[in-house]
Structures are given as structure tokens and as C-alpha cells.
Amino acid sequence: MKRNPLFLFLTLCLINFGFNKFKSDVIPYDYIFWANCNFWLHSLPILHFVLAGYKKELFPFIGLLGGFLMISFSLPIYFINPSNYQLGILSVEALKLSFWAYTVFYFFYFVFRYINIFKLNPFNPIDSKNEIFKARKLALVFLIIHVIDLFVLPGTSLHHIAQVGLYIYLGTYLTILNIKSKIQFWEKWLFYLFLIYEYFSRAFNGLISVLALLTVFLVLIDFFTKRSLLRIMIFIVPFMVFYLVMTPIKSEFRQMVWYDTKSYSIIDRFILIKDLYIEYKDRINFREKKSEENDRNNFFWRFSYQASAFSFVLQETPDNVPYYGGKSYSFFSKFIPRFIWPEKPKEDMGYIFGTRYSIISLDNTTTSINLPILTEMYMNFGKLGIFIGMILLSLVYLFLNNYLNQKKLSMVNQVYSISILFTFVNVESNFTLTFGNLPLLLISIYLMTYKTLKF
């Protein structure tokens, strides 16, 4: 595929101009200035990929990370009043500090990358001999693990491998179908049925973010094996329509479906979405909405959480809440499976974060909120901790990129790499929750590959 860096740069210029042109009139200039700074900062990785990274890298892993950070620290600012962010007022200090923090991250990532600090052999769990047959066999094993996690042993240590296993299964069979490799009739229809099930279960449970992740993953796999823009639209357009319909009503929908004693079938949920959306349209037609309600229904409001959480913690720490002193970075228990250590401490930083900052009450043990990695760094060690933490984080991402994102991988191993790397694009959770299972995940995949293919 032809790559045109100038075309990409001009496209980004046009997008940035559009955001500035159609921004909300209530947004102060200093917020817009730092929104523009963050926009161009997080554009750098995708520009680098188009200029040079594609020669060695399978897909723009750091570019996708940059895109996620862009819609967290830049795009919502153009349209959402700073006083209406999710956890309170967004501060200019949060935007400024996040810009310099990720500047450090990108700077050291690319410096370490070009001095080749990690020389690693590529991730290669499946050898090339009878590759498609082996991939089909292993993908079905991953599907079985995912089904066990869903219906037999939910909430166990299987969950993380089951989630990645779902991506591996769907990615493997989508690739096989795209390259028109011969498979059994039942395999093809099992894939389609399970894909439809996953989409409907996520959509009609109100889980928009996990539906978005699945959609983007399938677009990635489909693009690298089919390279059809029409096919990409088939994935993207229905999701965008659903997102626009669901965003303003998702809170009411979840309240009814998740907490009502009534059992809602798929048809009931579809009708409920229709009725709630009609009521929402009637409300905005007959009365002027408040600014806060307008912002909550904005397309970008959901993505404003990271900047909101960072701003909130900056305001509260250390004046009202003392630094946490690194206690959230507890790795030891992550390396021991729960079947060996049944009393292993649960990953509950979301609950600790929420109660420590009085966002949720102490007796609300069923609720937790995300603790983004940048916010966690400041919460533990302040500004110095952010800049040291970003240098260390750049090493983590360089290791992932050098080990898992090599272009010379075979097509099936590319699916495995994308499936694993994709989980590290979203940095909205704390460090141990995001990365703590990585060693056991890689070991498990190698062991499963060896045992399954040997059988």
C-alpha cells in the first residue's frame, strides 16, 4: 500500500483546523492552546510510522496509542466546557503537565528505539509448517477457554487469557476467511455465530467501550489481510450509528437493564433503546438543555475521563490527600496464579482510588473507577514521579513493540501479536492491571501452543 506522509500531514492539518473552527465558543483560549499542543504531540507516532516505522513494524502500535491519548487529552477540549468534565473542573495545569509528561515518553521511546536498546527475536508461537491447520486448532482451544470464562467459571484467573483468546480466535478465523483458505462448513458458521453473539451481547448490555475495542480490532485485522476500505466501512458505520444513538441514553439504559429486577430479552433491550432515544429526542425538542447535559451527551465526553481524573488528582494531592508512596505498584502477586495462591489479593486499585479520593463511598464495594497510568504516577510520587515514570513506561512500550510488532512475522503470528498488543493501547487503567498479567500471558500462550500442537 502506498504511503504518503505529506497527505497524512495535510489531513491532520485539516482536522486540526476543523476542530478550531467549530469549537465551542465557551472554551477559553488557554485550553484551546494546550488542546492544539496535545493534538500535534500525539500525532507524531502515526506520522513517524508512515515516514519510517512501517519498514520494520507490523502496524502502528504506538500510533494507535497516540490516537487514544489524543482523544483523551485533546479532542474533548474543543467541545466540552471545562467545568462539565466527569470528575469536576478541568484545569489548564493538567493539560500542560500531561503534554510535558508524554513529550518525555515519546522522546525517550524514540531515542531508545534508534539506539536499539532491545534486540529481540520476534514473537513466534506457531511455526510455518502447516501453519493454518495449527492456527485453527489453537484458535478453537482459545474459544473454549473464553466460553468457560463466560459461562462456567466467570471472574477467575482465566479471564485475562480468555479475553486475549477471544481476539486470537476471531482474528485467526477472519484472516483465514480473508485469504480464502479452506475450512470446514461448521467452522465458518461457528465464527459468524460467535461474532454476532459478541457484538449483540456487548451492544445490548450497554458496554459501548468494549464494543468499540472489538470493532477497532476487527478493522485492524481485516485491513491487514483484505485492505478494503469498503469492508472497513461495514465495521465502522454501524458502530458509529449505534454509538451516537446510545451515548445520550446509556446511563438510563444501564440503570434499567443492570439493576432492574425484570429480565430483559434482546428484543426487550432493542425496544428499550428505541423508546429511550425517542424520549431523549422529545426532551431536546421541547426544552432547551442545560450546558452540563449538552456536554454529557457530546460524542467526546466519554473520552474525557483521563484528563478529568488527572486534573482532579492534581487538585487534591498532596494538600487534601497525601501521596500514596508507590503502594499501587505491587507486582509480586501478579506472577502467582490464583489456583496456586487462592487467597491472592484482588486487583482493587479502582476501588482504593475511588474511596481514597471520596469519589465513591467506602461501603460501596461493588463499584470501582479507572485509575489511568499518568494519574497513578502523580498520585504516588508527584511531578518527579511522572517524569521518571514516563521514562520507564517508554521502555515497557519499546519492549512490547520490538518483541511483538515485527513485520517479518507470518500472517497467523501477526494475529497473535496484534491480539496481545491491542490490549495495551488503552491506558485508562492502573499499571499493574494493564501490564501485570503480561508475563503469565506470554508464558501461557507458548505453553498452550506447545501442548495443543503436540497433542
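The values are calculated or read from the model by the stated rules, or taken from the named source; none is laboratory data. What you are looking at is a predicted structure, and each value in this text was computed from that prediction instead of being measured. Quick reminder, even Gly has a Cβ in these numbers, built from the backbone with ideal geometry, and neighbours come from all protein chains shown.
Cβ-Cβ distances below 7 Å connect the following pairs, each with a first residue in the range 356-371 that is more than 12 Å from L87 (Cα to Cα), a second residue that is of a type in the set (S, T, N, Q) and not in a loop (DSSP other than H, G, I, E, B), and a separation of six or more residues or different chains: L362/T355. Summed over the range 1-44, the residues that are outside any helix (DSSP H, G or I) and in contact (Cβ under 8 Å) with a residue 40 or more places away in the chain give a count of 10.
For the range 34-63, a tally of residues being surrounded by fewer than 18 Cβ atoms within 10 Å (Cβ to Cβ), at pLDDT 95 or above and farther than 17 Å from C13 by Cβ returns 0. Only residues that are crowded, with 19+ Cβ neighbours inside 10 Å and either over 22 Å from the mean Cα position of the chain (by Cα) or of a type in the set (D, E) (or both) were counted across the range 357-378, and they come to 2. The set of residues from the range 106-143 being loosely packed, with under 14 Cβ neighbours inside 10 Å and more than 30 Å from G66 (Cα to Cα) comprises D127, S128, K129, N130, F133.
Taken over the range 154-201, the criterion of being part of a helix (DSSP H, G or I) and hydroxyl-bearing (S, T, Y) is satisfied by Y167, Y169, T172, Y173, T175, Y192, Y197, Y199, S201. Candidates in the range 224-242 are the residues that are surrounded by 12 or more Cβ atoms within 10 Å (Cβ to Cβ) and at pLDDT 85 or above; of these, the one that is nearest to S417 (Cα to Cα) is I236.
Of the numbered criteria (1) touching a helix residue (DSSP H, G or I) at 6+ places or on another chain (Cβ under 8 Å); (2) at pLDDT below 95, the one D25 fails is (1).
Being in contact with a Leu (Cβ under 8 Å, 6 or more places away or on another chain) and under 30 Å from F191 (Cβ atoms) narrows it down to one of F59, F133, F68, F118, so name that one. Let's see the steps before the verdict.
On the way: F133 fails: in contact with a Leu (Cβ under 8 Å, 6 or more places away or on another chain); F68 fails: in contact with a Leu (Cβ under 8 Å, 6 or more places away or on another chain); F118 fails: under 30 Å from F191 (Cβ atoms).
Selected residue: F59, the only one of F59, F133, F68, F118 that is in contact with a Leu (Cβ under 8 Å, 6 or more places away or on another chain) and under 30 Å from F191 (Cβ atoms).
A search for C-beta distances below 7 Å between a residue of the range 418-435 that is over 21 Å from N380 (Cα atoms) and among the aromatic types (F, W, Y) and any residue that is assigned to a loop (DSSP other than H, G, I, E, B) and modelled with pLDDT under 90, counting only pairs 6+ apart in sequence or on different chains, returns nothing.
When residues of the range 45-57 are filtered for being in contact (Cβ under 8 Å) with a residue 40 or more places away in the chain and part of a helix (DSSP H, G or I), how many remain? If you could, list the steps in order and put the result at the bottom.
First pass over the range 45-57, keeping only residues in contact (Cβ under 8 Å) with a residue 40 or more places away in the chain: 45, 47-48, 50-51, 54-57.
If we keep only those that are part of a helix (DSSP H, G or I) as well, we get 45, 47-48, 50-51, 54-55.
Residues flagged as in contact (Cβ under 8 Å) with a residue 40 or more places away in the chain and part of a helix (DSSP H, G or I) within the range 45-57 amount to 7.
For the range 64-93, a residue qualifies if it is more than 21 Å from the chain's Cα centre (by Cα), assigned to a helix (DSSP H, G or I) and surrounded by 18 or more Cβ atoms within 10 Å (Cβ to Cβ), and the qualifying residues are Y78, P82, N84.
For P248, indicate whether it is buried (at least 18 other Cβ atoms within 10 Å of the Cβ) and either at negative phi or touching an Asp or Glu at 6+ places or on another chain (Cβ under 9 Å) (or both). Can you show your working first?
On the way: buried (at least 18 other Cβ atoms within 10 Å of the Cβ): yes; either at negative phi or touching an Asp or Glu at 6+ places or on another chain (Cβ under 9 Å) (or both): yes.
Yes; evaluated as a whole, the condition is true for this residue.
With respect to the conditions (1) free of Cβ contacts under 8 Å to residues at least 24 places away in the same chain; (2) under 14 Å from A307 (Cβ atoms), P60 lacks only one, and its number is (2).
For E187, the conditions (1) out of contact with any Lys or Arg (no Cβ under 9 Å at 6 or more places or on another chain); (2) surrounded by fewer than 18 Cβ atoms within 10 Å (Cβ to Cβ) all hold with the exception of (1).
If you check S72 against the conditions, is it closer than 14 Å to I27 by Cβ and among the hydroxyl-bearing types (S, T, Y)?
Numbers: closer than 14 Å to I27 by Cβ: no; among the hydroxyl-bearing types (S, T, Y): yes.
Criteria not met by S72.
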